[in-house]
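Read the structure below first, then the notes.
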Amino acid sequence: MARNKIALIGAGMIGGTLAHLAAMKEMGDVVLFDIAEGMPAGKALDLSQAAPVDGFDVNLKGTSNYADIAGADVIIVTAGVPRKPGMSRDDLLGINLKVMGAVGAGIKQHAPDAFVICITNPLDAMVWALREYSGLPAEKVVGMAGVLDSARFRHFLAQEFDVSVEDVTAFVLGGHGDTMVPVLEYSTVAGIPVPDLIKMGWSTQEKMDAIVQRTRSGGGEIVQLLGNGSAYYAPATSAIMMAESYLKDKRRVLPAAANLTGQYGVNNLYVGVPVVIGANGVEKIVEIELNAEAQKNFDVSVDAVKELLEACKAIDSNL
Ligand code: TXD
């Protein structure tokens, strides 16, 4: 049986971390693609030289030629420009939309059967544009944000409750950004919902509100601290989890930006919802009943995504 092939479009901070993780897990051969000359080949060579020490056995190749992604099973897209301090995700729109045009064309021509995970910001708009430009079926193109956002939420909750992060599950809906919707009722410690934990005296509503706020601006907090660039370890490992669910047909239930076709009252829009990821890509969109507050926040989030799509269409009339 042929090895899987993982193509990483964008070999920057997240792309390099993705390559390392994919290699360590022997998910398949790895192609690092970037327009920056030499850099993807340098990272591929560096990682190849880690193989004898770490004991992984995969081929890594760096390239600036789209033909090298041919036959990729999974493509993870981080190409573009990351946020600088003070810059909003939306400021990135114009620059990264053009990048999605080039990446979409490359995928369409060379790897139309791949499962594509987009990470580039502003996420919900970029994954939509990438679907449009690539022409791939919507169930094969998803955006990674929810796994990361819920991981951030889990980390903060575990700290607050002083329990293992392994026993904390968290639920985040909506767009990636300031309008994301963490849902406390569906976030638990070993199955006990957060509102019950508040009743049990484990924490207070005020502290939970602060954690929700910190989760919403979790990316910005790291941008400020790093001073240059944005988060990359947790984003990369989150995308790898989605890729593994596809490659191993695990049917994991993960929050992801998926194309809605009427679910949650939304049509033709990518927004973060729980999905089942299996061998066919997005196998199912999980439509849960939201309480009034979550629905209101979700609607705000959807409106923010809609605005971004309008902005994309204003920049490129072909969209
Ligand atoms: O949750 C999420 N979705 C995110 C998203 C969490 C964190 C960061 N998120 C976004 O991911 C971030 O705002 C950026 O838009 C992407 C990638 O972040 P990264 O930190 O990896 O950025 P880098 O290091 O700048 O890498 C981007 C690479 C860089 O090497 C460029 O040369 C390359 O993209 N690039 C391109 N590659 C291929 N093709 C084109 N056209 C291209 N343009 C730039």
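Here are a few things to note about the model shown:
- Applying a threshold of 6 Å to beta carbon distances and a minimum spacing of six or more residues, or different chains, the list of pairs starting in the range 18-47 at a residue that is within 21 Å of Ala111 (Cβ to Cβ) and assigned to a loop (DSSP other than H, G, I, E, B) and ending at one that is modelled with pLDDT under 95 and of a type in the set (Lys, Arg) reads Gly28/Arg3.
- Residue in the range 122-133 that is surrounded by fewer than 24 Cβ atoms within 10 Å (Cβ to Cβ), closer than 20 Å to Val275 by Cα and in contact with a Gly (Cβ under 9 Å, 6 or more places away or on another chain) present: yes
- Cross-chain or 6+ apart pairs with Cβ under 9 Å, the range 116-134 first and touching a residue at least 60 places away in the same chain (Cβ under 8 Å) and farther than 19 Å from Tyr66 by Cβ, then more than 11 Å from the ligand (Cβ to nearest atom) and hydroxyl-bearing (Ser, Thr, Tyr): Leu123/Tyr270; Asp124/Tyr270; Asp124/Ser301; Ala125/Tyr270; Val127/Tyr270; Trp128/Tyr270
- Of the strands (runs of 3 or more DSSP E) lying entirely inside the range 48-148, those containing at least 1 residues that are among the small types (Gly, Ala, Ser) are 60-63, 141-143.
- Being modelled with pLDDT of 95 or more, within 10 Å of the ligand (Cβ to nearest atom) and surrounded by 17 or more Cβ atoms within 10 Å (Cβ to Cβ) is a property that Gly16 has.
- Test for Thr237: is it surrounded by fewer than 19 Cβ atoms within 10 Å (Cβ to Cβ), closer than 23 Å to Val189 by Cα, within 16 Å of the chain's Cα centre (by Cα) and modelled with pLDDT of 95 or more: yes
- Sole residue being under 15 Å from the mean Cα position of the chain (by Cα), surrounded by 22 or more Cβ atoms within 10 Å (Cβ to Cβ) and within 12 Å of the ligand (Cβ to nearest atom), chosen from Val142, Val116, Val103: Val142
- Here Gly71 passes the criteria (1) closer than 17 Å to Val31 by Cα; (2) of a type outside the set (S, T, N, Q); (3) within 11 Å of the ligand (Cβ to nearest atom) except the one numbered (3).
- The range 162-199 - residue that is charged (D, E, K, R) and more than 21 Å from the chain's Cα centre (by Cα) and, of those, modelled with the lowest pLDDT: Glu185
- Qualifying position, being out of contact with any Gly (no Cβ under 6 Å at 6 or more places or on another chain), within 24 Å of Gly281 (Cα to Cα), within 16 Å of the ligand (Cβ to nearest atom) and hydrophobic (A, V, I, L, M, F, W, C), among Val147, Val172, Val223: Val147
- Residue in the range 155-163 that is part of a strand (DSSP E or B) and within 16 Å of the ligand (Cβ to nearest atom) present: no
- When residues in the range 199-213 are screened for being buried (at least 16 other Cβ atoms within 10 Å of the Cβ) and either part of a helix (DSSP H, G or I) or of a type in the set (D, E, K, R) (or both), 3 of them pass.
- Pairs, first touching a residue at least 24 places away in the same chain (Cβ under 8 Å) in the range 199-224, second among the hydroxyl-bearing types (Ser, Thr, Tyr) and outside any helix (DSSP H, G or I), C-beta under 8 Å, six or more apart: Arg216/Thr179; Gly219/Ser230; Val223/Ser230
The values are calculated or read from the model by the stated rules, or taken from the named source; none is laboratory data. Because the structure is a prediction, the values reported are computed rather than measured. With ideal geometry, Cβ positions are generated from the backbone for all residues, glycine too; neighbour counts draw on all protein chains shown.
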